[in-house]
1. Taking the C-alpha atoms of the chain, how large are the radius of gyration and the largest Cα-Cα span, Dmax, in Å?
2. At 27 angstrom or more along the helix axis (alpha-carbon based) and mean Kyte-Doolittle of -0.5 or higher, what helices does the chain contain? Whole DSSP H runs only.
3. How fast does the range 92-178 diffuse by Stokes-Einstein, in µm²/s, taking the Kirkwood radius from C-alpha pairs at 37 °C and 0.692 mPa s?
4. Which pairs, out of K149/K181; K80/K149; K149/K169, put more than 20 Å between their alpha-carbon atoms?
5. If packing is taken as the average count of other Cβ atoms within 10 Å, what order do 151-162, 21-32, 136-147 fall into, highest mean first?
6. What number, rounded to the nearest 500 deg cm²/dmol, is the helix-based mean residue ellipticity at 222 nm of the chain, given -39500 (n - 2.57) per DSSP H run of at least four residues and division by all its residues?
7. Name the shape class, rounded, prolate or oblate, that the alpha-carbon gyration tensor gives for the range 120-161, where a ≥ b ≥ c are the square roots of its eigenvalues, rounded holds for a/c under 1.5, and otherwise prolate holds if a/b is larger than b/c and oblate otherwise.
8. Test of understanding: ordering I119, I177 by Cβ neighbours within 10 Å, fewest first, what list do you get?
Amino acid sequence: MQRLSRFRCSLIVMLANFIILGWFMAVLPSDARIPSHWNINNEIDGWMNKTQALLFNLGLSLGLFLLLYLLPLYSPWYRKYAQRNEAVIPSISFVLLLFMALINTYSLWLAYSGWNPHIQFVLILIGLLFIFLGNLLPKTPRNFFIGIKTPWTLASDDVWRRTHRLGGKVFIVSGLIMLFKGFAFTQNHLFQQLSGALAFLLLLFPLLYSLLIYREKK
């Protein structure tokens, strides 16, 4: 129970998410189409029905929470870095569950209201998620399940630490780019595509960086 109390923020988010989900399931018509995917032009190109949305939302939330809460049972290195893990894993759980709940609630609201916003709220939420994760990544100890996992980061504590220090900054910059795209300060199609490609390439750079510093150490 003492360890479960560290995840109380995650549990509160899950409870609120399930209450909101239950309300939408009650008021949405049986043939409701719930957005599940947006393309690069902020156009909805994927849909779910009510049953699919319910199962997906419940399964994703519970699955993610159990994956992180039960980490001590299946992670070989959890006890080796137990103090650092216990300090950061509850925060990662809360952030991921919160933003997934917000995205799911936004999708359900669109299905309920028929609203077609010009601002790309999904990109804004993803951008904020990247920024929060960027602040948590450098605090994450070496493990097989969370973080920037390459053969080189897993082989060395120093490579892991340096890669995640850079990765945290890269996540924040990519998040800011996604925020800029989401608020649609410019509707230029070329800019939207190039900025999205830049954000994606930035997220790949720590993978190459981990190889370079590993070779440097060797």
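1. Just the Cα atoms of the chain yield Rg and Dmax of 19.2, 62 Å.
2. Those that pass (Cα extent of 27 Å or more, hydropathy at least -0.5) are 8-27, 50-69, 82-113, 157-182, 189-217.
3. 229 µm²/s
4. Pairs exceeding the cut-off: K149/K181.
5. Packing order, densest peptide first, comes out as 136-147, 151-162, 21-32.
6. After summing the helix terms and dividing by the residues of the chain, the value is -23500 deg cm²/dmol.
7. Prolate, since a/c reaches 1.5 and a/b exceeds b/c.
8. The most exposed by this proxy come first: I119, I177.
Bear in mind that the values in this text are calculations on the coordinates, not laboratory data. Here the structure is a predicted model, which is why all the values come from computation and not from measurement. In this analysis, Cβ positions are derived from the backbone assuming ideal geometry, glycine residues included, and neighbour counts consider all displayed protein chains.
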